[in-house]
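The structure under discussion appears below in the form of structure tokens.
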Amino acid sequence: MAILTNPRERIRFLKFSVVGVIGAIVDFGVLNILHLVFGMPVILANIFSFTLAVLSNFMWNRYWTYPESRSKPVVGQLGQFFVVNIAGLAINTFVLWSLLGITTQLFNTYGYNVAKAIATGVVLFWNFFINRYWTYSDVK
């Protein structure tokens, strides 16, 4: 695994993680606004919030984490990024749904945020490795 031995890959992972934090702020913010303010069901709100976070993450990763990747056409790269993230959405939603009952019991009204945080952590690793070796495969 290059991330363990290559300093450039560690920096990319750190940048990817910072972008992930920005995405998490978008994701959690939109999730809570849609659920708490507009009364949207958590799972449906999660799909919208996750999608907006993916768009934010794509732009930050293309222009900051992997600026060398701009040799690829943006539409194709965005398509690859979305394919990876659709699988990430499925993983995220499954983990969220699986944990929702127990986290709501343990943390009451806002337990869905705990479940969402765990789901986000799981998807971080999926997204980094698949995007690094497929979406940003042209980066050396």
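Readers should treat all values here as calculations from the given coordinates under stated rules, not as data from a laboratory. None of the values given here were measured: they were computed from a predicted structure. All Cβ positions, glycine included, derive from the backbone under ideal geometry; neighbour counts span all protein chains shown.
Annotations for the structure displayed:
- If you take the alpha carbon atoms of the chain and fit the smallest convex hull around them, that volume is 102 Å³ per residue.
- Choice from Val84, Val37, Val21 showing the highest fluctuation, given a GNM over the chain with Cα pairs closer than 10 Å: Val37
- The chain: angle of helix 111-130 to the longest principal axis, Cα-based, in degrees nearest 10: 20 degrees
- Fully extending the segment from Asp138 to Ala87 would add 16.2 nm, taking 0.36 nm per residue of separation and subtracting the current Cα-Cα distance.
- Model label sites at Leu44 and Ser71, defined 7 Å from Cα along the beta-carbon direction, differ in position by 4.6 nm.
- In a reduced charge model with +1 at each Lys and Arg Cβ and -1 at each Asp and Glu Cβ, the chain shows a dipole moment near 400 debye about its Cα centre.
- The range 48-140 - percent relative contact order, Cα under 8 Å, separation 6 or more: 32 percent
- Against the chain, whose longest principal axis is taken from its Cα atoms, helix 7-32 shows a tilt of about 30°.
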